[in-house]
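One structure is given here, and the rest of the page talks about it.
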Amino acid sequence: MGEIEQRPTPGSRLGAPENSGISTLERGQKPPPTPSGKLMSIKIQMLDDTQEAFEVPQRAPGKVLLDAVCNHLNLVEGDYFGLEFPDHKKITVWLDLLKPIVKQIRRPKHVVVRFVVKFFPPDHTQLQEELTRYLFALQVKQDLAQGRLTCNDTSAALLISHIVQSEIGDFDEASDREHLAKNKYIPQQDALEDKIVEFHHNHIGQTPAESDFQLLEIARRLEMYGIRLHPAKDREGTKINLAVANTGILVFQGFTKINAFNWAKVRKLSFKRKRFLIKLRPDANSSYQDTLEFLMASRDFCKSFWKICVEHHAFFRLFEEPKPKPKPVLFSRGSSFRFSGRTQKQVLDYVKEGGHKKVQFERKHSKIHSIRSLAMQPTEPNSEVSKQAQTSASPALREGAESPGGQRCPRGKEPKASSGECGQHQSPALQRSPVGNKEADGTVKATMEKEEEVVKDRTQQSKPQPLQPSTGSLTGSPHLSELSINSQGGAVPTNVILSPNLSPDTKQASPLVSPLLNDQPCPRTDDEEEGRRKRFPADKAYFIAKEVATTERTYLKDLEVITSWFQSAVSKEDAMPETLRSLIFPNFEPLHKFHTNFLKEIEQRLALWEGRSNAHIRDYQRVGDVMLRNIQAMKQLAAHLWKHGEALEALETSIRSSRRLENLCRDFELQKVCYLPLNTFLLRPLHRLMHYKQVLERLCKHHPPNHADFRDCRAALAEITEMVAQLHGTMIKMENFQKLHELKKDLIGIDNLVIPGREFIRLGSLSKLSGKGLQQRMFFLFNDVLLYTSRGLTISNQFKVHGQLPLYGMTIEESEDEWGVPHCLTLRGQRQSIVVAASSRSEMEKWVEDIQMAIDLAEKSSGPTPEFLASSPPDNKSPDEAAVADQESEDDLSASRTSLERQAPHRGNTMVHVCWHRNTSVSMVDFSVAVENQLSGNLLRKFKNSNGWQKLWVVFTNFCLFFYKSHQDNHPLASLPLLGYSLTIPSESEDIHKDYVFKLHFKSHVYYFRAESEYTFERWMEVIRSATSSASRAHVLSHREAHVY
């Protein structure tokens, strides 16, 4: 009798390396090396219904054949797939990856092995590759046609409409009906034809990758998604069907699920002859007996299903591949079968680490190009697609890096596809790009490496507007694209080439995708740049003055977001009360006018400072007099500055009371020009005072007391310091108020997050103990409560609150020894305790420091904080119970809307999402330091594998680099969040023979940036270091006190 058994140890639940999941499924069973010898040919039927023949050694294990198929397809996430075939008893079984093929397939010449999806993950957003999602979509299409995936008529019509969109493109009724007449996607399709055509009309502009994603989004909600039924009988002889899924073992009567046994409830699975046995964990609340017994048709059927259960459990529940049991000396008891291959966690980690190159593929049934083939198509003289791609590709996507190759040719005795040599089946558009192609030759190329940065290039918008960019439905997604995609039913603009990492569920840039910025049409050569640099004055004061000018340009653009863009949006919709309108815009317009003149004055002084003919006139080589004159004039505008805090509060109050205004502000935030949360721009004038103060401090420190500019600089510093001191209290209060409202948009399940006295302290990603092991959660620490959340499986991509821990009476202790997991903490509240683990020692220390400080603050307050969650009762469950509750709440969240409903769009690239994807945290102190460390200017950028340098206008703010083609642009092309990145100087081995170069790298992603002078180099290093490495709380607080901020 074969069996698997779980030992309920704390380490197994937490994922300790020595006990991964179930104790009997230990790590490390490797297939034997590929033997040499005579080759045999095996026919494989692919998911697109084509057949390929593969030659493998006769004694090769099954893994060799599966690897050969995956290599042929250039499939990175091949672990989700398997090979099935009918055995000699006509029972469909999976190919065992450890056994020799010849012992499993007795007559290989007469057997067709099918390549199909074996493991269906709970969330299709876990599939990182477009090719993987395409193959999953083909499997759904196949299951529909075979009647395996049952659903109602509406869901079936919606599924088919997405299939039709991916195959023939945008809606045309005649083409649709002709296509449906030739292709039968489901039995009784004729009755659904009108509904299919109606749904297809709503998908205009949707790419094949988008259609795949939407198809999987709908399919995963169906009860029969990924289900293969195995006939059985219960103890009473009632006919039922058993199935296994990622969550556990399911029981069906017909096509209706009547029961489910979660993996957390199952203690042991075994079979004895025809009997399949499930031993459950003891549960006082359950009416089931300890062991459930099901009768199957034969021992072979029973063993086949038991094997599938073992593999599903190991793939979805274990952290790494299980080890084999040691062979017994005398006799064996039970089956020796064990899961072989990477677990889902290992697959996700491998893809996230970027240990592969993305490659192109061809959609067999589609009449339109796949995203990858379009992005990587080389230029051909008569190719209209290539010409259009060259001339009109979005600048965020025309990268000059060399295209990765296609299939890898087999070596030696490795299996090979018998249909030809490597790459033979690829179309010309899919062949490897010539190595000689350079960035300047106009060829459209794309970097296919998996990178983890946000691209905020919302290039596609739904409606063109005469005065400003139009908005589209832009929401977040876990694994998203470089481009936002039109979801309002409009056609995709012709000047956009779509990204290979498209995740069409959300039409928004993801924290996991890299910005691909285009070189300038006429890039400046290194010689030109060096010549221009030599003409710069050598005085450090010049570069300090130039920093004033560059940051002033960005500040003016930020003011225009309110005075021009937002005011225009408000005037069109007429959704804002007149009192609020008169409070915001009349207090910003005088500031914009004043700073426009101030910038002109600074730029005129810099022009005189740079001029050769005026080099002997020392009076021009100063900036203190300009600063003093304007700061004195600025004091007359102090009344407007005092109103900004009031305007911020009034705006948030009006948003709560007006749905129209809420929708207006949300839609405006999704425009390209609003690259930060809207309420951040309302605080920009207060932040700018701090920047003037810092610049004047550096000038006073640089100039000797006898310098002509010293007296003016010192007087200007005194003036601005007085203004900062007066606004200090308002600034601190408003920053906390703004941050609470920003977090409120990222959270669901909260009634009144923003209340008087509540202060935000830290947010970040921690792993929480549950019955399913360590599960990633987002934690939000305030001065009175700690919230933990999970990311919703909805289009809005918000975080759903699962529980709250009041800090009053809480204790915190390290518990690595107790649970056997590094960086582990136990938080003990008055009503519940939870166990969490940080990603590193330093992360754990930050959380311990801040939580302890928050506990001390709560103890000094009047007492416990009242409940404030909308629908989350106190969570006093054990870790095992909490796991089930977490799963149920996530299921409720995903099932709360039908597949036809659309949720409100949401920004998917906020700091909360960046922390989630980078598995890190950030505190309010870090946000305050980031406000001080803002910088703008030109930088030259170079990728790791590119040759030339590209000149960009770069703005650093909010822990992020925003890239523009020039300072005159209204919106960024792309952005790069810096949390988790390392900042270093290039080594000699990297062959960067230039001055003032710094390097940013995160995992396998490397960027080089060149500054124009030593001073600007040091400034960029200083501000970026503040974002990539958080200072200690004590150091930061003393720094802020020294600046009276």
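Here are some conditions: (1) open to solvent by less than 30 Å² (accessible area, probe 1.4 Å); (2) more than 23 Å from residue 744 (Cα to Cα). Residue 840 meets all but one. Which one does it not meet?
Just one mismatch for residue 840, condition (1).
Scanning for something hydroxyl-bearing (Ser, Thr, Tyr), open to solvent by less than 50 Å² (accessible area, probe 1.4 Å) and either in a helix (DSSP H, G or I) or farther than 30 Å from residue 706 by Cβ (or both), does region 651-674 turn up at least one residue?
Yes, some residue in region 651-674 is hydroxyl-bearing (Ser, Thr, Tyr), open to solvent by less than 50 Å² (accessible area, probe 1.4 Å) and either in a helix (DSSP H, G or I) or farther than 30 Å from residue 706 by Cβ (or both).
Return the residues of region 225-255 that are more than 13 Å from residue 293 (Cβ to Cβ), more than 35 Å from the chain's Cα centre (by Cα) and not in a loop (DSSP other than H, G, I, E, B); say none if nothing qualifies.
Correct list: 230, 231, 239, 241, 252, 253.
Which one is surrounded by the most Cβ atoms within 10 Å (Cβ to Cβ), of the residues in region 166-205 that are small (Gly, Ala, Ser) and closer than 22 Å to residue 136 by Cβ?
Ranking the candidates gives 166 first.
Give the number of residues within region 145-162 that are under 28 Å from residue 347 (Cβ atoms) and surrounded by 23 or more Cβ atoms within 10 Å (Cβ to Cβ).
3
Does residue 1037 meet the test of being farther than 30 Å from residue 729 by Cβ and either modelled with pLDDT of 90 or more or more than 23 Å from the chain's Cα centre (by Cα) (or both)?
In short, no.
Which of the strands (runs of 3 or more DSSP E) contained wholly in region 964-1005 include at least 3 residues that are open to solvent by less than 20 Å² (accessible area, probe 1.4 Å) and either out of contact with any Gly (no Cβ under 6 Å at 6 or more places or on another chain) or small (Gly, Ala, Ser) (or both)?
Output list reads 974-977, 997-1002.
Here are the criteria: (1) closer than 26 Å to residue 841 by Cβ; (2) aromatic (Phe, Trp, Tyr); (3) over 20 Å from the mean Cα position of the chain (by Cα). Tell me which single one residue 943 does not satisfy.
(1)
Quick one: which of 602, 562, 631 is over 18 Å from residue 968 (Cα atoms), in a helix (DSSP H, G or I) and touching a residue at least 40 places away in the same chain (Cβ under 8 Å)?
631
Considering (1) closer than 24 Å to residue 122 by Cβ; (2) free of Cβ contacts under 8 Å to residues at least 12 places away in the same chain, say which one residue 194 fails and leave the rest.
Condition (1) is where residue 194 drops out.
Starting from region 747-763, keep only residues that are farther than 13 Å from residue 787 by Cβ, then list their pairs with residues that are modelled with pLDDT of 85 or more and open to solvent by less than 10 Å² (accessible area, probe 1.4 Å) whose Cβ atoms are within a distance under 7 Å, requiring at least 6 positions of separation or different chains.
Qualifying pairs under 7 Å: 754/740; 754/741; 759/782.
Please enumerate the residues belonging to region 843-872 that are open to solvent by less than 60 Å² (accessible area, probe 1.4 Å) and at pLDDT 80 or above.
843, 844, 846, 847, 848, 850, 851, 853, 854, 855, 858
Of the conditions (1) at pLDDT 90 or above; (2) within 22 Å of residue 554 (Cα to Cα); (3) surrounded by fewer than 17 Cβ atoms within 10 Å (Cβ to Cβ), residue 626 satisfies every one except a single condition; which number is it?
(3)
Only residues that are among the β-branched types (Val, Ile, Thr) and at pLDDT 90 or above: list them for region 208-246, please.
The answer is 218, 227, 240, 244.
Select from region 88-105 the residues that are of a type outside the set (A, V, I, L, M), in contact (Cβ under 8 Å) with a residue 60 or more places away in the chain and assigned to a loop (DSSP other than H, G, I, E, B) and write down the one among them that is nearest to residue 46 (Cα to Cα).
Among them, the one singled out is 96.
Specify which of the listed residues (216, 222, 149) is closer than 26 Å to residue 131 by Cβ, in a helix (DSSP H, G or I) and in contact (Cβ under 8 Å) with a residue 60 or more places away in the chain.
Sole residue among the options that is closer than 26 Å to residue 131 by Cβ, in a helix (DSSP H, G or I) and in contact (Cβ under 8 Å) with a residue 60 or more places away in the chain: 216.
Taking region 291-308 on its own, how many of its residues are open to solvent by less than 40 Å² (accessible area, probe 1.4 Å), over 42 Å from the mean Cα position of the chain (by Cα) and without any contact (Cβ under 8 Å) to a residue 40 or more places away in the chain?
The qualifying residues number 1.
Looking at the structure I just gave you, is residue 572 loosely packed, with under 15 Cβ neighbours inside 10 Å and at pLDDT below 90?
yes
Within region 122-140, is there a residue that is part of a strand (DSSP E or B) and of a type outside the set (A, V, I, L, M, F, W, C)?
no
Would you confirm whether or not region 118-129 contains a residue that is open to solvent by less than 10 Å² (accessible area, probe 1.4 Å) and in contact with a strand residue (DSSP E or B) (Cβ under 7 Å, 6 or more places away or on another chain)?
no
The values are calculated or read from the model by the stated rules, or taken from the named source; none is laboratory data. What you see is a predicted model; the values in this text were computed from it and never measured. Every residue, glycine among them, receives a Cβ derived from its backbone with ideal geometry; neighbour counts consider all protein chains shown. To get the accessible areas, we keep the full protein, side chains included, count just its heavy atoms, and leave off ligands, DNA and RNA. Shrake-Rupley method; radii C 1.70, N 1.55, O 1.52, S 1.80 Å.
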